[in-house]
Structure formats: structure tokens, C-alpha cells
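I have placed the structure first, in the form of C-alpha cells, so that the comments after it can refer back to it.
The values are calculated or read from the model by the stated rules, or taken from the named source; none is laboratory data. Everything numeric in this text was worked out from a predicted model, so none of it was measured. Don't worry about glycine lacking a Cβ; one is built from the backbone with ideal geometry, like all the others, and counts go over all protein chains shown.
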Amino acid sequence: MPPPVFRFAPSPNGYLHLGHAYSALLNFDLAGASGGRFLLRIEDIDGTRCRPEFEAAIYEDLAWLGVTWETPVRRQSEHFAAYRDATEQLSTLGLVYPSFESRAAIALLVAAKEAAGPWPRDPDGAPLYPGTAKAMSAAERERLSGQGLPFALRLDMAAACARGGPLTWNEQGEGPGGETGVVGARPEAWGDVILARKETPTSYHLSVVIDDALQGVTDVVRGVDLFWSTSVHRLLQQLLGVPAPAYRHHGLIRDDSGQKLSKSTQATGVRELRREGASPADIRRLVGLP
């Protein structure tokens, strides 16, 4: 039986904070305890925010913490072709459509909907897509595309759920409401999620599913803030015919006010704590690891 495969997948859009350190160390420890493999993946699809100096700092901070990983490191920006292939596979199934509204136009549509009554929001609190692009004719889509307009490729969630059927996942941690064990997926709660954009041929939801499958990841250990995102990931795994890992969502490291840590929170940045004389053992103690 092959060994389990764990991964830590940060985005190089800022310096690592204690929350990242906790997740990286937890995955590394679990891989070691199980005789498994530990992978580092750089999720750098956002070309406007991801920077080489942040990526270099990730390697430096993890090495200082005592974390080692297999090489080569998978960088998402080097694998856009794999994500395009997945989008094309879903498009062939009739599950993808383009929407041409700008973010500002969508905000106005949401405001108009909410003026008439409550409008549904996804588990992260963002309003569901309110547009009508799904009903647009092929000729109109071709006309707008021919004008070079920006667009987002969206998953037709209703059609995707009908094709995917009821789905569950094996939760070895605990969700925000105490959910554990076999959890029923609720991808419909996210509406018609974006799979790709004209300028970026993938999204977090799509790339994480493809990467985990291609890298043979068996155990996804990540923060509880991504718990319900697993619903979308399970649906995409089903539609694309790739295996589902086991999931373990862990609690978040929070600041003194109880807020989730941000990369802009310098007081909890790994580099800042290092400069103040903290040791790797101090970081483990701060995040509650032995």
C-alpha cells in the first residue's frame, strides 16, 4: 500500500504568519508520524499579488521551522495547460458558460436584488452570482467574445449537481458546526462558482482539485475556513473522475481580538517573530504543537 501524501499549499502574496506555520507543521508532523510524504505547492495563480520575494521567504521560513519537502515544488503558474484541459472537459459536458459582467456590474445587480428582498450568499458570505449569462444565446456569447471583453467561466451548478448526484466526504477533523465523520456535500450553496477567467485560466477551486489529483494527495489537512469549500471540490472531483482525498480541517490561529490572522498582521508573522528572537520551538509552542 503506497504511503499517505500530505501537502502544504501557500500563496506567495505575503509573508507567512502563525496560522500558516501551524498548518505546515501539522501536515509535516502527520506525514512523518504515518511514514508518509510531504509536498510543498506554491499556489501562485494570482499574477497581480504573488511576488518572487514572498515565494523565496516561504522556502526560507519553512526551512527555519525544520520543515523539509520533496522537490521539485509544484508551482501552479507553470501548469495552466492542465487547468485548461479540465475546464474543457467540463465544457464538453455542457457544464460551463461565460459571464461577461464586470465586478462592478455584478455588485449593482446584487444591490438591485437585495432591494427587493434577501439575496442568498455563499458559506463565505459573498452574494451568489445574480446574472443571466447562463441563458444567453450562443450567438450573443460569440458576439461578446469577439469584442474581446473580459469574461469569467462559471460552473452551471444546477446542471453539475444533477450530473454529480449526492456527494459526501470523510472528515477526520471537525467543521465549524462540529461536523465530523461522513459529511454531506452542499455545493449548491455556492451558486455558479467561477472556474477560470479570461486572464487567468483557472481558479482556486479548480486548480486545487487538479493539483491534488495529479500529485496523488491522499490527505488534505487545512483550516476550517475552507471546510465548506470541500463541497465544491467533491463535486469537481466527481465530474472530472478523480479520486477524493480524506479531509481534516483544523482550527485557526487567531489574534487577540479573535480575528483570523492575515498576512498583513505583522505581529504574528513568522519573520517578525524570528527577528524578535523566537526559536522554532517557540513557534511550535505558540501554535499549540509539541
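Of everything in the range 40-56 that's at pLDDT 95 or above and not in a helix (DSSP H, G or I), which residue is surrounded by the fewest Cβ atoms within 10 Å (Cβ to Cβ)?
Once the filter is applied, the top-ranked residue is R51.
Of the residues that sit in the range 57-84 and are over 19 Å from the mean Cα position of the chain (by Cα) and part of a helix (DSSP H, G or I), which one is farthest from A162 (Cα to Cα)? Can you show your working first?
Keep residues of the range 57-84 that are over 19 Å from the mean Cα position of the chain (by Cα), which gives 57, 59-72.
Okay, now just the ones that are also part of a helix (DSSP H, G or I), so 57, 59-65.
Numbers: A57: 44, Y59: 43, E60: 46, D61: 45, L62: 43, A63: 46, W64: 48, L65: 46 Å.
Within the range 57-84, the match that is farthest from A162 (Cα to Cα) is W64.
Give the range 1-25 a look and list any residue that's at pLDDT 95 or above, over 30 Å from P201 (Cβ atoms) and either of a type outside the set (A, V, I, L, M) or under 18 Å from the mean Cα position of the chain (by Cα) (or both), or say none.
Residues satisfying the conditions are P3, P4, A21, Y22.
Taking strands (runs of 3 or more DSSP E) that fall entirely within the range 122-192, which contain at least 2 residues that are at pLDDT 95 or above and under 30 Å from L30 (Cβ atoms)? Explain how you work it out, then say what you get.
Numbers: elements: 152-155, 168-171, 181-184.
In the range 122-192, the matching strands (runs of 3 or more DSSP E) lie at 168-171, 181-184.
Which numbered condition trips up A86, out of (1) out of contact with any strand residue (DSSP E or B) (no Cβ under 7 Å at 6 or more places or on another chain); (2) buried (at least 18 other Cβ atoms within 10 Å of the Cβ); (3) not assigned by TED's automatic domain parsing to the domain that holds V209?
Going through (1) out of contact with any strand residue (DSSP E or B) (no Cβ under 7 Å at 6 or more places or on another chain); (2) buried (at least 18 other Cβ atoms within 10 Å of the Cβ); (3) not assigned by TED's automatic domain parsing to the domain that holds V209 one by one, A86 breaks only (3).
Counting just the residues of the range 71-83 that are surrounded by 14 or more Cβ atoms within 10 Å (Cβ to Cβ) and not aliphatic (A, V, I, L, M), which one comes out nearest to S203 (Cα to Cα)?
Y83
Is there a residue in the range 258-267 that is at pLDDT 95 or above, surrounded by fewer than 20 Cβ atoms within 10 Å (Cβ to Cβ) and touching a helix residue (DSSP H, G or I) at 6+ places or on another chain (Cβ under 7 Å)? Steps first, answer last, please.
At the first step, the residues of the range 258-267 found to be at pLDDT 95 or above are none.
Checked the range 258-267: no residue is at pLDDT 95 or above, surrounded by fewer than 20 Cβ atoms within 10 Å (Cβ to Cβ) and touching a helix residue (DSSP H, G or I) at 6+ places or on another chain (Cβ under 7 Å).
Would you point out which residue out of V217, V221 is outside any strand (DSSP E or B) and either modelled with pLDDT of 95 or more or outside the structural domain of M157 (by TED's automatic domain parsing) (or both)? Working first, answer last.
Details: V221 fails: outside any strand (DSSP E or B).
The conditions single out V217.
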